[in-house]
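What follows is a single structure, written as structure tokens, with notes after it.
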Amino acid sequence: MKQSSDKIKGEYIKKRGGWWIKGDTEPEIGDSAIKAAINELTKPVFLVDVDGRIGVGRNGTLIIGDRISPESEGYPLCAYSPAYHPERFGDLYFKKAHNLRYAYIFGAMANGITSVEMVEKAARVGMLGFFGSAGLAVDEIEAAINRLQQRIKDLPFGFNLIFSPNEPELEASVVRLYLKKGIRLVSASAYMDLTLPIVYFRVKGIHLDNKGDIVCPNSIIAKVSRVEVAEKFFSPPPEKLLTQLVGMKMINDQEAALARKIPMASDITAEADSGGHTDNRPALSLLPTMLSLRDELFEKYSYSRPLCVGLGGGIATPDSTAAAFAMGAAFVLTGSINQSCIEAGTSDTVRQMLAETRQADIAMAPAGDMFEIGAKVQVLKRGTMFPLRAAKLYDLYSNYERFDDIDDKDKLILERDYFRCSFQEQWLRTKNFFAKRDPRQIDRAKRDPRHKMALAFRSYLGLSSKWAITGNPDRKIDYQIWCGPSMSAFNQWVKGSFLEKSENRESIVIAMNLLFGAAVRTRINWLHSWGVIFPARVCKFAPMELSEILNLLEQESV
């Protein structure tokens, strides 16, 4: 069967208009030689016909056309792939604008899960990390800013800014902190509409340089999954909010005038089916839609700077990474898989649970930060009852005006299993929390018993993620672990490799494997386009140690 296959390939190849003339070595025959050549990303791949079998040419000269005959020193060309370093992925302008070597972002996972250490490591290799500031108090965020600014200074990094409809003052406080501390780049997440604080962050300090060009010191990379929200970010700031900012003397008339000529965000992450806040959008339809919107709005507003769209949600294997770039993504963003890394700000218990995640182990659950409006997050359900319990809380909130109205059976379950204390004690704890975070919530709860119930329920939802992060063994059944389907895809890919164990998962090792493997997949696809078919063992890319990847990337190109 193999001889027949080789013969067919040889006959097909000889119809091609190309030849390879050997240098000082003969072509190498065999799958291992082909696989090794494809993995040498800094060198081109020459596949040639050697008496009806496919061989790999090393060095030598490639000639396109029929200028020599088979009787000469030349071999008929089977397929050719140029060198392809992972640095070449993504949008060149995006990488230049953010001072990046690789078009790769570590997405902001809340409560510091995307940690200072992870952000620092990303910056040092030329990637971009966003610290997971959502859910943290302002003083905790400031401490993280201080640490990063001291450690990596001018290297690229950013902080998260999350939509906070229930706590607008918190959002405003975070923005004031960012402006005070000189944080110039934020990842805007979970926004359903633009708010005064995020517009303020974007336009504050906008000015003209000595050439008359607009300089906007503060940048936003917005993570969105809905076209109507993406349109808001790719459009200039709303006139209504600019007028309010001028009236409040937060910006001046010149800043408002210049703001009308820029988009709220020049860069957007199309967020497909992901962990945490998500609309479960399929990447294959979401990204093309966002790219089309990008082109439409760029032409409409005639911006001076290109608009860029990256992809997040489902990026977990070399194949999905390669697919994102092949579809036109300016960059890729990872989230769920980073949470299983040793640098993530979470517990070893959570890391192990994530490493065991399979395809059917995730579910949607009510979101604590947007509980009242019914927003949901995607979480791990295997090994925890959190999705069921969170859904029960929202069902009770939707059907009762106050806690006292809930039937006795459900009250007992809440106080025994959820709160592990009386509702009154749960409220006192909640009250103490909001006394520091946002006292206005307490005032509203005094007037509105349903809001009081919501705050107490949200307290459980908020603590559930903290229990997971700290690895509280008494609360394992209540862990809230944000997780998308990418986690199971990653686990399947690394099965049997050194990355299968959670203790071996380093964020940069994973990132470089995804990028390197994506470049390998891209080269295989190019070779496939010549009509050459490889066995699965040649096409499969297994995780590699970082040292091996770096050695291959440091080889001299030909």
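Every number in this text was worked out from the coordinates using simple rules, so none of it is lab data. All values derive from a computational prediction rather than experimental measurement. Positions of Cβ are backbone-derived with ideal geometry, glycine not excepted, and every protein chain shown enters the neighbour counts.
Tell me, what does the Kirkwood hydrodynamic radius of segment 354-478 come to in angstroms if you use every pair of distinct C-alpha atoms? Evaluated over segment 354-478, this radius sits at 15.1 Å. Residues with beta-carbon under 13 Å from that of D438, excluding D438: net charge, scoring Lys, Arg +1 and Asp, Glu -1? Charge balance near D438 sits at +1. A dipole drawn for the chain from +1 and -1 charges on Cβ atoms has a positive end, and of F498, C78, A122 the residue lying farthest that way is A122. Computed about the Cα centre, the dipole magnitude for segment 354-478 is approximately 380 debye when only Lys and Arg (+1) and Asp and Glu (-1) carry charge, each at its Cβ.
So which DSSP H runs in the chain come out at 18 Å plus along the axis (Cα) with average Kyte-Doolittle of at least -1.0? Those that clear 18 Å and a mean of -1.0 are 138-152, 168-181, 283-301, 386-399, 449-470, 507-528. Evaluated at q = 0.12, 0.15, 0.17, 0.23 Å⁻¹, the base-10 log of the normalised Debye intensity for segment 272-358, with identical point scatterers placed on the Cα atoms, takes the values -0.46, -0.66, -0.79, -1.12. Computed about the Cα centre, the dipole magnitude for segment 95-229 is approximately 640 debye when only Lys and Arg (+1) and Asp and Glu (-1) carry charge, each at its Cβ.
Normalised by the number of residues in the chain, the average gap of Cα pairs under 8 Å and 6 or more apart makes the relative contact order 15 percent. Ordering I198, P282, I221 by Cα displacement along the dipole of segment 189-300 toward the positive end leaves I198 in first place; charges were set at the Cβ atoms of Lys, Arg (+1) and Asp, Glu (-1). A straight Cα-to-Cα reach below 29 Å connects K411 with the lysines K376, K381, K392, K431, K436, K446, K452, K466, K476, residues fewer than 8 places away in its own chain not being considered. If you bin all the Cα-Cα distances of segment 89-334 at 5 Å, starting from zero, the percentages per bin are 1, 6, 14, 19, 21, 18, 13, 6, 1, 0, 0.
Would you list which lysines come within 23 Å of K249, measuring only between C-alpha atoms, while excluding same-chain residues fewer than 8 positions from it? Hits, sequence-local ones excluded: K180, K181, K204, K240, K261.
An ellipsoid equivalent to segment 171-278, defined through the eigenvalues of its Cα gyration tensor, has semi-axes of 23, 15, 14 Å when rounded to whole angstrom and sorted largest first. Please state, rounded to one decimal and in Å, the Kirkwood hydrodynamic radius that segment 501-547 gives when every pair of distinct Cα atoms enters the mean of 1/r. Hydrodynamic radius (Kirkwood, Cα only) of segment 501-547 equals 12.0 Å.
Considering only A511, I442, S464, and ranking their Cα positions along the charge dipole of segment 429-517 that arises from unit charges at the beta-carbon of Lys, Arg, Asp and Glu, the one farthest toward the positive end is I442. Straight-line reach from K22: taking Cα to Cα under 27 Å and skipping same-chain neighbours fewer than 8 places apart, the lysines in range are K2, K7, K9, K14, K35, K43.
Among beta bridges identified by DSSP and lying wholly in the chain, the antiparallel ones come to about 50 percent.
For segment 233-274, the set of trypsin sites (Lys or Arg not before Pro) satisfying both a DSSP loop assignment and a count of at most 12 other C-beta atoms within 10 Å is given as K249, R260. When you restrict to C-alpha pairs under 8 Å that are six or more residues apart and normalise by the size of segment 193-274, the relative contact order lands at 40 percent.
For segment 110-247, the convex hull spanned by the alpha carbon atoms encloses 133 Å³ per residue.
If contacts are Cα pairs under 8 angstrom and at least 6 residues apart, what is the relative contact order of segment 89-220 in percent?
Over segment 89-220, the number comes to 18 percent.
With the convex hull constructed from alpha-carbon coordinates only, segment 335-423 shows a mean projected area of 7.1 nm² over all directions. Give me the Debye-computed log₁₀ of I(q)/I(0) at q = 0.09, 0.10, 0.11, 0.13 Å⁻¹ for the chain, equal point scatterers on Cα only, no solvent, two decimals. The Cα Debye sum returns log10 ratios of -0.74, -0.87, -1.01, -1.28. Charged side chains reduced to their Cβ positions (Lys and Arg at +1, Asp and Glu at -1) give the chain a dipole of some 540 debye around its Cα centre. Divided by 2.2 N^0.38 Å, where N counts the residues, the Cα radius of gyration of segment 426-558 comes to 1.75.
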